[in-house]
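Read through the structure below, which is laid out as structure tokens, and then see the notes.
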Amino acid sequence: MLLLAVVSGVRWLFAPDGYGGGGTAFALLGAGVGALLAALMVSAPGRRSGGHLNPAVTLVLWRLGAFPGRDVVPYLVAQLSGSVVGTWLAGLVWGPVVSRSPVSHAVVRPGPGWGDGAVVAAEAGVLAGSALLLAGLLAHPVGRRVLPYAVGVVTALVIAVLGPLSGGSANPARQLGPALLSGEPGLLWLYGGGPVLGAVVGAGLVAMVRGRLGAGRAAVAYSRPGGPPVVPGRP
């Protein structure tokens, strides 16, 4: 659903017979994707599954102790498969215009002047910051309740601000389907590796902060005593 919506939004916001692109188009796309992401997280399926639709976020939650390791690989497979299927469905719905430039199946590309290192740094920075945000919100009951909306707002800002610059993906699943179906897999290592690097760094920063505060994993506020870890969006 997420990738179907993303590709559909790019089709109507950036194609010549649509809005026509530009900075406002990125802002509108970000607002729409952020709202949809929050809605999916608070929906019944999102609450049952945990509602994290980003492989890098799944890795962060695992490293934070908020998600069981045995479920990491199945979730990654589901997220990445959903990316390909959603992108393919958008092509069926909207026809050949989806495969033509400037839509190109909504593949993410860096803006002028952005080299590989800068893109990786931007993608990693977003995920490192997201890890700190998740840890802070998950540590408090009120934070857990507002988490889906916070994630939606952050996603909207990333797309609106970084979209015209680094590409603003911050999600390996966001790029996989569009890259494969557009025939442009060359940038997958940037938009896949950057968020994963940021997830590892962010989780490490959280562990460092916890260590300095004297809070070990056994005392994590969002772990239920005697029960399974709490996953964002799961009651």
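Read-outs throughout are calculated quantities, based only on the coordinates presented, and are distinct from any laboratory measurement. Please read these numbers as outputs of a predicted model, since none were measured by experiment. As a convention, Cβ positions derive from the backbone with ideal geometry for all residues, glycine included, and neighbour counts pool all protein chains shown.
Tabulated data for the structure shown
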quantity	calculated
Paramagnetic label zone (point 7 Å from Cα along Cα-to-C-beta, Leu205; backbone N under 14 Å) in segment 135-164	135-137
C-alpha long axis of helix 2-14 to longest principal axis of the chain, angle in °	40 degrees
Computed over the chain: relative contact order in percent, which uses C-alpha pairs under 8 Å that are six or more apart	33 percent
Debye, to nearest 20: dipole size of the chain, +1 on Lys, Arg Cβ, -1 on Asp, Glu Cβ	840 debye
Estimated Rh, segment 140-220: Kirkwood, alpha-carbon pairs, angstrom	15.0 Å
Crossing angle, helix 172-182 versus the chain [Cα axis fit, 0-90 degrees, rounded to tens]	20 degrees
Among Arg63, Arg100, Arg109, residue whose mean-square fluctuation peaks in a GNM of the chain (springs only between Cα atoms under 10 Å)	Arg100
Folded to 0 to 90 degrees: helix 23-42 orientation relative to the chain principal axis, Cα	40 degrees
Pairwise label distance in nanometres, Ala121 with Ser99, each label 7 Å out on the Cα-Cβ vector	3.9 nm
Answer label for Kirkwood radius over Cα pairs in Å (calculated), chosen among (i) 18.4; (ii) 17.9; (iii) 19.5	(ii)
At R0 = 22 Å, FRET efficiency that the Cβ-Cβ distance of Ser81 and Ala35 yields, to 0.05	0.35
